[in-house]
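J.: Okay, here's the structure, questions in a sec.
The values are calculated or read from the model by the stated rules, or taken from the named source; none is laboratory data. Quantities reported herein were computed from a predicted structural model and do not represent experimental measurements. All Cβ positions, glycine included, derive from the backbone under ideal geometry; neighbour counts span all protein chains shown. These area figures cover heavy atoms from the full protein model, side chains too; ligands, DNA and RNA do not enter into them. Shrake-Rupley method; radii C 1.70, N 1.55, O 1.52, S 1.80 Å.
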Amino acid sequence: VRTSELEWQLRAIRTPERAQASAWFFKTAPGQYGHWDTFYGVSVPDQRKLIRGYRDLSLKEIQKLLESEYHEARLCACLILVDQYKRGDEAQKQAVFEFYLKNTKRINNWDLVDSSASYIVGAHLGDGALPALKKLAHSDNLWERRIAMLSCLYNICEGKAEPALSIATILVNDSHDLIQKAVGWMVREVGKRVGQEV
């Protein structure tokens with residue numbers, strides 16, 4: 001199974017020191033947002049190199065990566081999905097988009113969201129993003145709310161501020177620090193990239 005090969009390669013290049021540092025960085029202590037997460041200890045550049053040999057994994061295989069207890073396996077899954085979306089025809093883009101939204105519970109840390117949401121959800125919804133993003137923004141799931149906010153980066157890069165400002169209005173009083181940071185980040189991006197149109 002190719003997903004087993006990929007995880008074997010992750011294990012082969014892991015370092016205990018990086019795993020320990022990642023556990024601290026991603027807040028895995030009891031009561032923190034990543035308290036259950038587990039790390040191999042592999043850098044993101046190394047993961048990006050590694051996935052080049054797995055760009056054609058089926059969605060069924062990617063599902064196995066998303067179900068891994070290891071953070072890096074799930075990030076590899078997200079990076080592969082982004083690559084497949086960018087390279088895919090319309091049918092594949094639709095399949096990746098639907099798959100992504102079905103698996104938001106496994107896209108469950110801020111870096112997984114930030115490396116994928118705008119490239120898949122934002123890109124796919126385009127100018128019609130707002131209804132779907134509003135639904136995500138009202139979710140009880142922390143990561144779906146962050147997906148809603150980060151997906152707006154696609155529109156911002158296209159010079160369109162409305163989706164980001166609308167979602168920011170919904171989330172501005174969110175109690176979670178990770179949502180507050182996402183809102184602040186996207187509002188700043190609107191200021192930098194859209195400027196006078198806002």
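Yes/no per residue for (1) open to solvent by less than 30 Å² (accessible area, probe 1.4 Å); (2) under 28 Å from residue 87 (Cα atoms); (3) under 19 Å from the mean Cα position of the chain (by Cα); (4) touching a residue at least 40 places away in the same chain (Cβ under 8 Å):
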{"position": "129", "(1), (2), (3), (4)": "yes, yes, yes, no"}
{"position": "134", "(1), (2), (3), (4)": "no, yes, yes, no"}
{"position": "143", "(1), (2), (3), (4)": "yes, yes, yes, no"}
{"position": "154", "(1), (2), (3), (4)": "no, yes, yes, no"}
{"position": "158", "(1), (2), (3), (4)": "no, yes, no, no"}
{"position": "177", "(1), (2), (3), (4)": "no, no, yes, no"}
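J.: Still on this structure, please answer the following. Anything in the range 179-198 that is crowded, with 19+ Cβ neighbours inside 10 Å and under 17 Å from the mean Cα position of the chain (by Cα)? List them, or say none.
T.: Listed by number, the residues that qualify are 179, 182, 183, 186.
J.: List the pairs whose first member sits in the range 4-33 and is free of Cβ contacts under 8 Å to residues at least 40 places away in the same chain and within 22 Å of residue 66 (Cβ to Cβ), whose second member is part of a loop (DSSP other than H, G, I, E, B) and open to solvent by 90 Å² or more (accessible area, probe 1.4 Å), and whose Cβ atoms are under 9 Å apart, counting only residues at least 6 apart or on separate chains?
T.: That search, which allows pairs on different chains as well, returns 27/35; 28/35; 28/36.
J.: Same structure, new question: Taking the condition of being assigned to a loop (DSSP other than H, G, I, E, B) and touching a helix residue (DSSP H, G or I) at 6+ places or on another chain (Cβ under 6 Å), how many residues in the range 129-149 meet it?
T.: Total meeting the criteria: 2.
J.: Scan the range 69-108 residue by residue and report those that are open to solvent by 40 Å² or more (accessible area, probe 1.4 Å) and touching a strand residue (DSSP E or B) at 6+ places or on another chain (Cβ under 8 Å).
T.: 69, 70
J.: Here is a follow-up. Can you tell me which residue among 41, 126, 122 is assigned to a loop (DSSP other than H, G, I, E, B) and of a type in the set (Gly, Ala, Ser)?
T.: 41
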